Each structure stands twice: as C-alpha cells, then as structure tokens.
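In what follows, a single structure is set out as structure tokens and then discussed.
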Amino acid sequence: MLTTPKGYKFAALEAGFKYKGRNDLALIISDVPAIAAAVFTKNKFQAAPVTVGKEILAESQVVRGAIINAGLANACTGAEGIDDCRESLVLAGKYLGISDRDLLPASTGVIGPRFNMDKWREAAPKLKKALTDNDPVRAAKAIMTTDKFPKLAWGEIECDGKPVRMLGMCKGAGMISPDMATMLGFITCDAEVDPLWWKDALRRCIDRSFNCITVDGDTSTNDTVMAFANGAAEVKADTDAKRSAIEALLLDICQQLSYMIVQDAEGGTKVMHISVTGAASDADAELIVRAVGNSPLVKTALFGEDPNWGRIVAAAGRSGAEFNPEMLTLSFGKIVVFENGKPVEGDMDALLEPIMRKQDIKVNISLADGDGSSMLQASDLTREYININADYRS
C-alpha cells in the first residue's frame, strides 16, 4: 500500500501546454517549510527552470515544494524563457498564498518553444483546488512524456519509536545517461534534517542510482532531482545512526526509481546489469561500463537476445581504460564465455538462451588488475526507440 510522508500534498491538472486530454502540470507542496536539496544537469545548455531553481536554492534551502510541467522543456529559450519561468512561479505563488521563491520549478518536453503564458494564467487559479485530491499517482502521471507508466517508490523506517516515511517519483524513458539524464525526480521525506547533510546525502545516493543508468548515452538540458524534508514526523536526524538509516532509505528509493527508468526505456525490452571489477581504478571501471552500456552494437544484440560477447569485449577494449586484455573474464550471469584472451569452449548459444530471454541480464567483467569497480544499468536498443524519437515533435 502506498504511504506518503506527513505534511505533503500532491496535485495534478490539465494546463494544455502541449498535450490535450491529459494532466500536464503537477504540484508537490509541504504544509510547512521544508529543507530542499537538488542535483541538476551538467549540460552546458541549462534550461530556464534549472537556472531559476539554482538561484532560489542559492538564496535559501528552505522552500515549500515544486511545480512541474510536461510537454515543453523551456530550454534554449533565452532570457525570455527565464522570465517566463519566473512569472509562472509568481502566478502559482499568488494563488497558493506563498512566495514565488518558495517553489522550485521543473520542466520536461520539447526543447526550444516558449510557453504560452496564457496557459499558465489559466492554470494557476486552479492549483489550490487541485491539491484537495492529494494523489501522488496522478502527479506522477502528469509529469510523464514518453514514459509508459508512472514511477513511484516509497518506504518507511523507525527512528526514536516513530515512523519516518519517504516517497519518490520520477519521469524519464529516453535521453538517459550518467551524470544526470533527461529525467526529473522528486523525493519527499518527513524527517528533520541538517541542510548540508541532506544535500551531501542526496548527491551520494544519486551517484549510486540515477548516475548509474543509461538508455541511449544522451544527457539533457533539464535534468533535476529534488529532495525535500519537512520535519513533520518529529524525528530529528541528529545522530550517525539515524542519518545512516535515513540515507539508506533515500538510496533505496533512488535505486528503485532509477531502475524503473531503464525498465521503461523508450521501446526497451531488456535491462542489462553491467558490473566491472578488478580494474586498476574506479575511473577505469566506469569507462568500461559506459562503453559497453552505450554501445549500439551491444544494445541491439541485447534486443535480439544474441549473447554476442565479441561486441562487449570490443567495447571494453576501446573504452580508454587501462587493462591487460589477456586477463579479462566475461560472463553472462554465472556462465563464463571469455577468459584469458579467448572464448570458452562449448555450445554457449544453447547455454545462454534461457538467460537472454529474461528481462534482466547480468554482464560481469573481471580484469584482475586492482580494486576498481563500477556498475551500470543499460537498456537495449529497439526499433520502437527509433520510431518514438523520429516522431517526437509531431
């Protein structure tokens, strides 16, 4: 059963920015001021909501929530797009009875077009009434673009004999790669936290979740993950034990959500869990998992359920990582297919056929060269992915 943290409300409504006949505006609001932390895209083209969100958090980490629209990214829209973003916050704040600096903005959709601000002026007066539904599932659906299903994860731990709850939602299915991707994520928590620790904890958890996935190797202009903690549970994260427990829950929520993104990859049918161990450094291991996970040849073979190990070792070899190729061992699950610089003898296609039919496929690479390691979850590459992205703006 879905449980929500204390002191939060969720809303969704139809504003008609790009889509018709569906909700495309979502609101997450804390009843009381909340500590906010966020991680944003590293793309040099930063969308207007990223720029404005950074400005707000630079002034204060205490806010009330987030407002998110789907369909238009408000990216690469110049100073006018930033003005539009700021005006949308003023409009929302006016009808919610809060300051425009109490809301963090987020947008997803087509890059380039500006908002029709009349749509915002029509939608803003409806926001407060929409909150009475208080339905996080509807909010998660409202932020979808090419997603096939809404993505939510939740959990609860006990601290000081009281429950601490967390709920996360995200969207994303394409334009996904480490260092953030074309995705938006929002996490609500009812513990009381230190702002600096909360910010650092979110970054650590993202590095082990959203930054460990890829669909197509592309990062976007709008990528944002926000986390809010409002203290409504009356539990203060003031000891190492409580902070560790809360961070563990945060990591679990982030990892559940990031897996759903790869699972829902545009046209995707498989999730490849790539693990590299024994590298000279973590950096070398990461080069390899990214080269393998982003290789169109590897991804199309995965779609075809073809255990073409040659494409995997070739991707590792061109990754830029330093290793001895004669020491590389490659396995699908527990079945070793390549070691000591040559293939393992046997009818590997027959052995691997049941493994390749599964949705989740483990690819393990060992280098026997050090303690470096890295992991990545990658989707396959399908005909449907091409169809979706060929027609994205139509």
For segment 194-275, convex hull of alpha carbons as volume per residue, Å³: 121 Å³
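Can you give me the relative contact order of the chain as a percent, contacts being Cα pairs under 8 Å and 6 or more apart? List each step's numbers first, then the result.
Working: 970 pairs, mean separation 65.8, N = 394.
The value is 17 percent.
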What ³J(HN,Hα) values, in whole Hz, does the Karplus curve 6.51 cos²θ - 1.76 cosθ + 1.60 give for segment 316-322 when θ = phi - 60°, with x put for Gly and Pro? 4, x, 9, 5, x, 6, 8
With every protein chain kept in place and ligands, DNA and RNA left out, what is the accessible area per residue of segment 276-394? Probe 1.4 Å, answer in Å². 54 Å²
Round to the nearest 10 and give me the degree value, 0 to 90, for the angle of helix 78-96's Cα axis relative to the longest principal axis of the chain. 60 degrees
Karplus-derived 3J(HN,Hα), 6.51/-1.76/1.60, for each residue of segment 115-121, Hz, glycine and proline x: 5, 8, 5, 4, 5, 5, 5
With -39,500 (n - 2.57) per DSSP H segment of 4 or more residues and division by the full residue count of the chain, the 222 nm estimate, nearest 500 deg cm²/dmol, is -10000 deg cm²/dmol
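Rg to Rh ratio, segment 300-364, alpha-carbon atoms and Kirkwood radius? Display every interim value, and only then the final one.
Working: Rg = 11.9 Å, Rh = 12.4 Å.
With Rh from the inverse mean 1/r over Cα pairs, Rg/Rh is 0.96.
Would you please calculate the Kirkwood hydrodynamic radius of segment 11-84 over all C-alpha pairs and express it in Å, rounded to one decimal? Provide the component values of the computation, followed by the final result.
Numbers: mean 1/r = 0.0726 Å⁻¹.
Averaging 1/r across every pair of different Cα atoms and inverting gives 13.8 Å.
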Is there a pair in Lys6/Lys54; Lys20/Lys171; Lys6/Lys162; Lys94/Lys199; Lys9/Lys54 whose C-alpha atoms are over 21 Å apart, and which pairs would that be? Lys6/Lys54; Lys94/Lys199; Lys9/Lys54
Return the Cα extents of the chain along principal axes one, two and three, sorted largest first, each rounded to a whole Å. 70, 53, 37
Angle check, please: helix 348-357 long axis (alpha carbons) against the longest principal axis of the chain (alpha carbons), in degrees 0 to 90, nearest 10. 10 degrees
In whole Å, what are the extents of segment 256-364 along the principal axes defined by its C-alpha atoms, from largest to smallest? 36, 34, 22
Can you tell me the Rg and the Dmax, both Å, for the Cα atoms in segment 18-174? 15.7, 51
Mind jotting down a quarter of the surface of the convex hull over the alpha carbons of segment 100-156, in square nanometres, one decimal? 6.0 nm²
Two-site label geometry, Ser281 and Val344: point separation in nm, points 7 Å out along Cα→Cβ: 3.1 nm
Quotient of Cα Rg and 2.2 N^0.38 Å for segment 42-92, N being how many residues it contains: 1.13
What whole-number distance in Å separates the alpha-carbon centres of segment 13-80 and segment 272-288? 34 Å
Relative pair counts by distance (%), Cα atoms of segment 235-289, 10 Å bins: 20, 26, 34, 18, 2
Additional length obtainable on full extension of the chain from Asp118 to Val62, 0.36 nm per residue less Cα span: 17.2 nm
If you fit an axis through the alpha-carbon atoms of helix 195-207 and take the longest principal axis of the Cα set of the chain, what angle between them do you get, 0 to 90°, nearest 10? 30 degrees
Compute the distance from the alpha-carbon center of segment 323-341 to that of segment 241-255, in whole Å. 34 Å
Whole-Hz ³J(HN,Hα) for each residue in segment 134-145, computed from phi via Karplus 6.51 cos²θ - 1.76 cosθ + 1.60 with θ = phi - 60°, x for glycine and proline: what do you get? 6, 10, x, 5, 4, 5, 5, 5, 5, 8, 6, 10
So how long is each side of segment 121-214 along the principal axes, counting just the alpha-carbon atoms, biggest first, in Å? 43, 35, 24
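Send over the Kirkwood Rh of segment 176-329, from the inverse of the averaged 1/r over different Cα pairs, rounded to one decimal Å. Please report the intermediate quantities before stating the final value.
Values: mean 1/r = 0.0578 Å⁻¹.
Result for segment 176-329, one decimal place: 17.3 Å.
The values are calculated or read from the model by the stated rules, or taken from the named source; none is laboratory data. Since we're looking at a predicted model, the values are computed, not measured. With ideal geometry, Cβ positions are generated from the backbone for all residues, glycine too; neighbour counts draw on all protein chains shown. Ligands, DNA and RNA are excluded from the accessible area calculation, which covers all protein heavy atoms including side chains. Shrake-Rupley method; radii C 1.70, N 1.55, O 1.52, S 1.80 Å.
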